[in-house]
Amino acid sequence: MSCATWQVIRRPEYRDDLDAIEAWVAKDNPIAAVDLWLLIDSQVDHLSDPNFPRRASERVAGAYELVAHANYLVYFDQDPDRCTVTVRAVVHVARQFP
C-alpha cells in the first residue's frame with residue numbers, strides 16, 4: 001500500500017525530550033529555546049509527507065532518524081500498513097542513544 005500522507009504520532013517521551021531541551025537552552029536564551037523547540041517540531045511535521053527523505057538509523061535498530069537541527073536527531077518508526085510515523089525521541093547528536 002502506498003501512503004498519500006503519513007499520520008505523525010508524537011510519543012510522550014519525544015515531547016518530554018523536546019521540553020527538556022527547551023528548558024536547558026532557556027537557561028541562557030529563552031527566545032532561542034522557543035525557536036529551537038518550534039524548529040525541531042516543524043521538521044517532525046514534514047514526516048507526514050511521503051516524499052520527505054527518511055534514513056534508516058545506524059544507531060537504533062529498526063528506527064529511522066531525522067536530522068532536525070545540526071545538533072539534534074529525531075528517532076522515529078514508520079508503519080507503511082497503517083501509514084503512521086511514530087516519533088520516539090529527540091536527542092543531542094553527542095549523546096549515546098539508546
**OP:** Identify, from the list Val34, Val25, the residue that is surrounded by 12 or more Cβ atoms within 10 Å (Cβ to Cβ) and either of a type in the set (Gly, Ala, Ser) or under 18 Å from Arg95 (Cα atoms) (or both).
**Re:** Val25
**OP:** Quickly run through region 40-55 and pick out the residues that are touching a strand residue (DSSP E or B) at 6+ places or on another chain (Cβ under 6 Å) and either in a helix (DSSP H, G or I) or at pLDDT 95 or above (or both).
**Re:** Ile40, Gln43, Val44, Leu47, Ser48
Original post:
Does Cys83 meet the test of being more than 14 Å from the chain's Cα centre (by Cα) and on the phi > 0 side of the Ramachandran plot?
Top reply: yes
Original post:
Taking region 59-96, which residues are surrounded by fewer than 16 Cβ atoms within 10 Å (Cβ to Cβ) and in a loop (DSSP other than H, G, I, E, B)?
Top reply: Arg59, Ala61, Gly62, Ala70, Asn71, Pro80, Asp81, Arg82, Val93, Ala94, Arg95, Gln96
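The values are calculated or read from the model by the stated rules, or taken from the named source; none is laboratory data. Quantities reported herein were computed from a predicted structural model and do not represent experimental measurements. Every residue, glycine among them, receives a Cβ derived from its backbone with ideal geometry; neighbour counts consider all protein chains shown.
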